[in-house]
Amino acid sequence: MAFEPQRQGSSSNGYPGDQQSLRLRRVSTQVSNQNAPQFNWTSTPAEKDEKGSSGPRELRSIPMPMALKRAVRQVQQMQVPVVSSVDSWKRKKTRFLLKLKEDVTGFLVFFTPWRKSLQKIGGNFGGGVHSYFLFLRFLVVLNFVSFLLIAGFVLIPSIVFRSVGSGLVNSTAPENCTKYDPNPQGLVVFYTYLLDVLSGTGFMEYSYLFYGYYNNTVVEDSNFSYNIPLAYVFTAAFYFAFCLICITARMGTAARVAVATGGSTVGSYSMIVFTVWNYSCLGDGNTRLKQKNIHYRLQVDLEEERIKKQAAALTLRQKLFLYTLRVFMGVVAFGLIIGAFWCISLASNFSQQNSGKEGIQGLFFQYLPSIVITTANFVVPLLCDQIAVREQYAPSTTVIVALLRAVFLRLVSLAVLLFTLWSQITCYTNSEECKLCQYNYQKYPCWETRVGQEMYKLTLFDLLINIAVLVLVEFPRRIVVDHWSSKLAQWVGRQEFVVPSNVLGLVYGQTVVWTGALFCPLLPGINAIKFVILFYCKKVTLFYNCQPPLKTFRSTTSAFFFLVVLLFGWGLATLVMIYSLAAIHPSMACGPFRFFPSIWSIVPTSFYMLSKTSQEFLFFIGSQAFSVPLFVLSCVVMFYFIALCSVYGKNVALLRAQLKLEGRDKQFLVKQIAELSQKLQIPKHNEEIED
């Protein structure tokens, strides 16, 4: 045709030309038609059962109109195959199991904690805030299950067997190393009990809350035996392994969502437009919440795309200035973090030197490290957030950079506290004090309980600070902003729910619990209660004191990054546990390992008490004859999944390329239709004028 534009082989923007894209589209269409799922109308239900698939599930997965699916279903039901009684029983069993699975899944949905609250939060405040509350619910469930694990294998057996089993008496240890009596003598003033609850001393120190109260009880009978020290070690190890499995499994789920979107705006936009709407939404309220959620997600994508276009339009001089600014701001942020570490170290040393004080003054000295750590974790991240804003990153990148700096601050601040504490326990500066008992028995007759008390105080203080901020800061701020019309109040405005700092608070609290779980076995249960209280506090402040965030970020990548940060905390706590199990001598005056050179020594000692057959079996598992084939098999499986992941990645890349080509084809066709319409409308318009 005369009006058809001439197309070049390739365009200037990097995409193939229209003729080339049309040829590629024809090839991809032929391939897609060959690979398209086809339904076998002649197959009977019996044949489907033999192939291992069910008719309704296969029909449900085929992209066909609903009317056609109903017709196929009616044809299937009209077919009456001749099957044997065994095949009929198999079909009925398969249908029953599938129906049972669907019923159980639907039943468990009603027991999902805070389901309606999370839906309301996601609709009003977007996916970023919603991902924080999902993360908080995950930690609540994780801590509760962990508490049940510890209670089932350590706490309940210790209570039951405390008066039944036999405990050994350490007669070979020096007398000075076995002196430990935390019970208060004489009359105790009432307010002292409150101080004991806040600091973990007094009557709480000598209870099942801390390590020092557990005995080295061993119950032996002709048909039953239970070793409390061995159960203590194995439960701690399994607790850490269980948490790792849960985090890894959740990371896999978040990674699949991130890979499906590809981390790109185009993929996320396509998923939102074509798959995000829930057609089972009932009622105006649920519909509005879903619409708000979609609005926030589209807002994130548009913001990301705008910043990418601005970054692509920068000149070389502007890019050089921007990178120099980012390096300078990073150095400033790192200097603030190092200064916070120095303050924490000074506060920890000063607190340990004045640990003998009593009353309110003693409580202040005991909480001084917690106060300094909390202050540093509040002030430094605020400054780092302002630095990150001036670095001009994308919203999601800004969140990740702020999280990395805050993670480094919080986790290393905890490591600084532990290093300061352990340097005094092991007499790092003066080895003469530890020569008799191999630890500082004068200041720390039961050092494990002392470490557990520090972690208990950090957990409790974190909860008290959150409640105090809600009551004393956030509610008064909202009241002032709503009822005072001055320029200062309007400039301050309602607060926004800052997701990075809140997530870091959860990661920090969970890391403290992992660090102290070996020395305070009930700390996971306390943390579960703390997170439940924190959920309702954050929900109240979110709906009554906060406004929707002006700058949102993508929840898919952020949810995965939250779990990566949590994995860093798990790694730090694991190092602390390994060092405590293998390097430091246990206290000789308390705990279930008072007779061993290290906590891990109970494992080989118990191993040699097993029968000869059990020893040979365990030796075989640890030998090269078993470990080398297992390692080879693990490598084969790992390479298989790596290859499978690579193939899937190539398929996804190919599908995205085909989508781009089809999009260009459609744009080309639209242009042709527009030009054809203009050509056809011009003569018609001239004729009307002549008439």
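The values are calculated or read from the model by the stated rules, or taken from the named source; none is laboratory data. For clarity, every value in this text was computed on a predicted model and none was experimentally measured. As a convention, Cβ positions derive from the backbone with ideal geometry for all residues, glycine included, and neighbour counts pool all protein chains shown. These accessible areas exclude ligands, DNA and RNA; they are computed on the full protein's heavy atoms, side chains included. Shrake-Rupley method; radii C 1.70, N 1.55, O 1.52, S 1.80 Å.
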- Task: Would you confirm whether any residue within region 648-666 is among the β-branched types (Val, Ile, Thr), within 30 Å of Ile245 (Cα to Cα) and part of a helix (DSSP H, G or I)?
- Result: yes
- What residue, among those in region 273-293 that are assigned to a helix (DSSP H, G or I) and surrounded by 15 or more Cβ atoms within 10 Å (Cβ to Cβ), is modelled with the highest pLDDT? Lys292
- Note on the structure: Checked Val416, Val380 against criteria (under 30 Å from Lys319 (Cα atoms), at pLDDT 80 or above, over 22 Å from the mean Cα position of the chain (by Cα) and among the β-branched types (Val, Ile, Thr)); the one match is Val380
- Query: Which of the residues belonging to region 375-405 are surrounded by fewer than 19 Cβ atoms within 10 Å (Cβ to Cβ) and within 30 Å of Asn354 (Cα to Cα)?
  - Reply: Thr375, Phe378, Val379
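Could you identify the single residue in Leu463, Leu472 that is modelled with pLDDT of 85 or more and loosely packed, with under 14 Cβ neighbours inside 10 Å? Write out each step before concluding.
Details: Leu463 fails: loosely packed, with under 14 Cβ neighbours inside 10 Å.
Of Leu463, Leu472, the one residue that is modelled with pLDDT of 85 or more and loosely packed, with under 14 Cβ neighbours inside 10 Å is Leu472.
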- Find the residue count for region 580-595, including only residues that are without any contact (Cβ under 8 Å) to a residue 60 or more places away in the chain and within 19 Å of Tyr226 (Cβ to Cβ). 0
- Matching entry among Leu550, Leu523, Leu581, Leu566 (being modelled with pLDDT under 90, open to solvent by less than 10 Å² (accessible area, probe 1.4 Å) and either closer than 28 Å to Glu448 by Cβ or not β-branched (Val, Ile, Thr) (or both)): Leu566
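When residues of region 477-500 are filtered for being in a helix (DSSP H, G or I) and either within 24 Å of Asp385 (Cα to Cα) or of a type in the set (Gly, Ala, Ser) (or both), how many remain?
Step one: list which residues in region 477-500 are in a helix (DSSP H, G or I), which gives 477-483, 487-492, 499-500.
Retained after the next criterion (residues that are either within 24 Å of Asp385 (Cα to Cα) or of a type in the set (Gly, Ala, Ser) (or both)): 477-478, 481, 488-492, 499-500.
Number of matching residues: 10.
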- Task: Find the residue count for region 128-157, including only residues that are out of contact with any Gly (no Cβ under 8 Å at 6 or more places or on another chain), over 18 Å from Asn527 (Cβ atoms) and surrounded by 22 or more Cβ atoms within 10 Å (Cβ to Cβ).
- Result: 2
- Note on the structure: Residues in region 311-337 that are surrounded by 11 or more Cβ atoms within 10 Å (Cβ to Cβ) and more than 14 Å from Glu391 (Cα to Cα) total 4
- Task: Return a yes/no flag: does region 439-453 have any residue that is assigned to a helix (DSSP H, G or I) and modelled with pLDDT under 85.
- Result: no
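Please go through region 475-486 and give me each residue that is β-branched (Val, Ile, Thr) and open to solvent by 60 Å² or more (accessible area, probe 1.4 Å), ordered by number.
To start, the set of residues in region 475-486 that are β-branched (Val, Ile, Thr) comprises 479-481.
Ile479, Val480 - these are the residues of region 475-486 that are β-branched (Val, Ile, Thr) and open to solvent by 60 Å² or more (accessible area, probe 1.4 Å).
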- Message: I'd like to know if region 429-449 contains one or more residues that are assigned by the TED database to the domain that holds Val540, closer than 15 Å to Gly509 by Cα and open to solvent by less than 10 Å² (accessible area, probe 1.4 Å).
- Response: no
- Within region 597-621, work out how many residues are open to solvent by less than 40 Å² (accessible area, probe 1.4 Å) and within 37 Å of the chain's Cα centre (by Cα). 7
- Return the pairs, sorted by first residue and then second, in which the second residue is open to solvent by 60 Å² or more (accessible area, probe 1.4 Å) and among the aliphatic types (A, V, I, L, M), the first residue lies in region 483-510 and is outside the structural domain of Val469 (by the TED database) and under 23 Å from Gly128 (Cα atoms), the beta carbons are less than 6 Å apart, and the residues are 6+ apart or on different chains. none
- Task: Within region 355-376, identify whether any single residue is within 30 Å of Val507 (Cα to Cα) and charged (D, E, K, R), and answer yes or no.
- Result: no
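If the requirement is being open to solvent by less than 60 Å² (accessible area, probe 1.4 Å), in the same structural domain as Gln361 (by the TED database) and modelled with pLDDT of 90 or more, which of these qualifies: Thr235, Thr217, Thr178? Show your work before the answer.
Values: Thr217 fails: modelled with pLDDT of 90 or more; Thr178 fails: modelled with pLDDT of 90 or more.
Answer to the selection: Thr235.
So that you can scan it fast, the table gives a plain yes or no per residue for (1) at pLDDT 80 or above; (2) of a type in the set (A, V, I, L, M); (3) open to solvent by 100 Å² or more (accessible area, probe 1.4 Å); (4) in the same structural domain as Gly252 (by the TED database):
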site: Val637; (1), (2), (3), (4): yes, yes, no, no
site: Phe641; (1), (2), (3), (4): yes, no, yes, no
site: Val647; (1), (2), (3), (4): yes, yes, no, no
site: Asn651; (1), (2), (3), (4): yes, no, no, no
site: Arg656; (1), (2), (3), (4): no, no, no, no
site: Glu662; (1), (2), (3), (4): yes, no, no, no
site: Gln672; (1), (2), (3), (4): yes, no, no, no
site: Lys684; (1), (2), (3), (4): no, no, yes, no
site: Ile689; (1), (2), (3), (4): no, yes, yes, no
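Quick test for you: out of Ala258, Ala249, pick the one residue that is within 22 Å of the chain's Cα centre (by Cα) and either surrounded by 17 or more Cβ atoms within 10 Å (Cβ to Cβ) or at pLDDT below 85 (or both).
Working: Ala249 fails: either surrounded by 17 or more Cβ atoms within 10 Å (Cβ to Cβ) or at pLDDT below 85 (or both).
Among Ala258, Ala249, only Ala258 is within 22 Å of the chain's Cα centre (by Cα) and either surrounded by 17 or more Cβ atoms within 10 Å (Cβ to Cβ) or at pLDDT below 85 (or both).
Given the criteria among the hydroxyl-bearing types (Ser, Thr, Tyr) and either farther than 27 Å from Leu142 by Cβ or touching a Leu at 6+ places or on another chain (Cβ under 7 Å) (or both), does Thr574 qualify? Walk me through it before giving the result.
On the way: among the hydroxyl-bearing types (Ser, Thr, Tyr): yes; either farther than 27 Å from Leu142 by Cβ or touching a Leu at 6+ places or on another chain (Cβ under 7 Å) (or both): no.
Considered against the rule, which asks whether it is among the hydroxyl-bearing types (Ser, Thr, Tyr) and either farther than 27 Å from Leu142 by Cβ or touching a Leu at 6+ places or on another chain (Cβ under 7 Å) (or both), Thr574 comes out as no.
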- Message: Looking only at region 652-661, how many residues end up being of a type in the set (S, T, N, Q) and within 17 Å of Ala255 (Cα to Cα)?
- Response: 0
